[in-house]
1. Of these, G122, G129, which one is out of contact with any Gly (no Cβ under 6 Å at 6 or more places or on another chain), modelled with pLDDT of 95 or more, at positive phi and not hydrophobic (A, V, I, L, M, F, W, C)?
2. From the residues in segment 73-92 that are acidic (D, E) and in a loop (DSSP other than H, G, I, E, B), which one is modelled with the lowest pLDDT?
3. Is there a residue being under 17 Å from the mean Cα position of the chain (by Cα) and polar (S, T, N, Q) anywhere in segment 119-128?
4. Is it true that some residue in segment 200-209 is in a loop (DSSP other than H, G, I, E, B), open to solvent by less than 20 Å² (accessible area, probe 1.4 Å) and closer than 18 Å to L9 by Cα?
5. Could you list all residues from segment 157-170 that are free of Cβ contacts under 8 Å to residues at least 40 places away in the same chain, more than 17 Å from the chain's Cα centre (by Cα) and open to solvent by less than 90 Å² (accessible area, probe 1.4 Å)?
6. Determine whether segment 117-135 contains at least one residue that is among the polar types (S, T, N, Q), open to solvent by 20 Å² or more (accessible area, probe 1.4 Å), in contact (Cβ under 8 Å) with a residue 40 or more places away in the chain and within 20 Å of A165 (Cα to Cα).
7. Tell me which strands (runs of 3 or more DSSP E) are completely within segment 2-67 and hold 3 or more residues being free of Cβ contacts under 8 Å to residues at least 40 places away in the same chain, or say none if there are none.
Amino acid sequence: MVKKAIAVLSGGLDSTVATAKFSNEYEIHGLTFDYGQKASTQEIKASKEICKKLNAKHTVMDLKWLGKISKSSLTSEENVPKLDEKDLDDLDKTKESAESVWVPGRNILFTAIAISFAEAEGASKIIVGWDKEEAETFPDNSEEFLEKYNELIQIGSPDEISIEAPAIDLDKVEIVELGLKVNAPMDLSYSCYTGNEKHCGICESCMRRKRAFKKLNITDPTEYEN
């Protein structure tokens, strides 16, 4: 019997690596969400190419209403915060950045929709890219969030479904290392908050991505504007 999994795939580094880790073992259906974010076009493009590379099915979900109720700089005309590399270890600055880009209930909602797909398609796993580094300022990336959500599924779903977050105890450097190990198409991934064709290189997401490749002293396949 073919094992099936639903991947919550933004097209970013973390979800790409997480999805790739299971691609040889599961038949994967990737879900990408358009919630009116600045980067929606690039995220959808990247996710489509990643799914093609991994021989996975791909669906784009229209959730533009979420962007309309959000005050996030990801979905509004407000500028996305710019950070220097040294700012990544300044908790006050990263908290400020996180507050600016926070989208209400995003991971709660995305994961709930993935559960619906899992039940409908007989999938036993939901793959997410939640990780330790971002959990410092994004509570919906934390190990506690993962544990509680899995407990909720056990209570609320008649099927045996679990959320798998292979990067939950990894930082970005370790995620890139895992990506290399599982041959993840990291070169196809898109992490920038701005939605420009090239990564801006100065938003928090870009800076964390750049730093990881730099620390490993390996070639970064990403094109940056800065």
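The values are calculated or read from the model by the stated rules, or taken from the named source; none is laboratory data. As the structure is a computational prediction, the values presented were derived from the model and not from experiment. Cβ sites come from the backbone with ideal geometry, for glycine too, and all protein chains shown count toward neighbours. The protein model used for the area step is the full one, side chains on, heavy atoms only, and it has no ligands, DNA or RNA in it. Shrake-Rupley method; radii C 1.70, N 1.55, O 1.52, S 1.80 Å.
1. G122
2. Here the answer is D84.
3. no
4. Scanning segment 200-209, I find no residue that is in a loop (DSSP other than H, G, I, E, B), open to solvent by less than 20 Å² (accessible area, probe 1.4 Å) and closer than 18 Å to L9 by Cα, so the answer is no.
5. Hit for segment 157-170 is S162, nothing else.
6. yes
7. In segment 2-67, the matching strands (runs of 3 or more DSSP E) lie at 27-34, 57-62.
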